[in-house]
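The values are calculated or read from the model by the stated rules, or taken from the named source; none is laboratory data. Since this is a predicted model, take the numbers as computed values, not measurements. Note: ideal-geometry Cβ built from the backbone for every residue, glycine included; neighbour counts use all protein chains shown.
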Amino acid sequence: MIGIIDDDIIYQFTLMKIINDNKPGARIITFPNGKKAMQYLKDNKATNENIPDVIFLDLHMPIMDGWQFIDEYARIKIEIEKKVNIFMWSSSVDPVHMERASKKSEISKYITKPMQLEEVKKFFDNFESSYFLL
């Protein structure tokens with residue numbers, strides 16, 4: 001399962017389209033902010049198949065931004081029995097954000113928006129298909 005946490009519905013739609021083009025049949029769940037996603041994780045932590053294998057996490061969102069989500073996730077991840085790969089997804093090219101993300105063990109990679117189609121294909125080619133459960 002793939003989770004998308006982003007308040008921009010255009011980016012949500014675009015990423016869902018790219019995922020579907022590269023991994024047809026992949027289960028995708030979307031959230032408009034970190035708070036709703038965090039509540040979902042807390043409510044489903046006992047059911048591995050309901051926890052995303054991969055999360056694309058926007059940095060700048062209202063209510064709970066990407067950093068706040070990561071801090072909260074760090075507190076609850078021990079209760080989730082599955083490895084979740086979190087890709088911070090942002091239009092920010094600020095080196096401070098990239099450096100901060102690189103120091104968070106919960107973040108697998110920092111990805112700059114918008115992702116180019118070639119970059120997305122490379123991402124899916126390099127990332128193990130087992131993470132995208134149907």
Suppose we keep only residues that are part of a loop (DSSP other than H, G, I, E, B) and charged (D, E, K, R) within the range 44-67. Which one would you say is farthest from the chain's Cα centre (by Cα)?
LYS45
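Quick one: is LEU41 in contact (Cβ under 8 Å) with a residue 40 or more places away in the chain and either buried (at least 17 other Cβ atoms within 10 Å of the Cβ) or of a type in the set (A, V, I, L, M, F, W, C) (or both)?
Judged against the criteria, LEU41 is not a match.
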Please verify whether the range 55-69 includes one or more residues that are buried (at least 16 other Cβ atoms within 10 Å of the Cβ) and either more than 24 Å from GLU99 (Cβ to Cβ) or polar (S, T, N, Q) (or both).
no
Could you check TRP89 against (1) free of Cβ contacts under 8 Å to residues at least 60 places away in the same chain; (2) not in a loop (DSSP other than H, G, I, E, B) and say which number it fails?
(1)
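Return the only residue of GLY25, GLY34, GLY66, GLY3 being at positive phi and not aliphatic (A, V, I, L, M). Before the answer, list the steps.
Numbers: GLY34 fails: at positive phi; GLY66 fails: at positive phi; GLY3 fails: at positive phi.
Step by step, each of GLY25, GLY34, GLY66, GLY3 is checked, and only GLY25 is at positive phi and not aliphatic (A, V, I, L, M).
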Residues that are modelled with pLDDT under 80 and exposed (fewer than 13 other Cβ atoms within 10 Å of the Cβ), drawn from the range 92-118
VAL93, ASP94, GLN116, LEU117, GLU118
Need the failing condition index for ASN33 against (1) closer than 16 Å to MET1 by Cβ; (2) crowded, with 18+ Cβ neighbours inside 10 Å; (3) modelled with pLDDT of 95 or more, just the number.
(1)
Any residue at all in the range 13-27 that is buried (at least 18 other Cβ atoms within 10 Å of the Cβ) and hydroxyl-bearing (Ser, Thr, Tyr)?
no
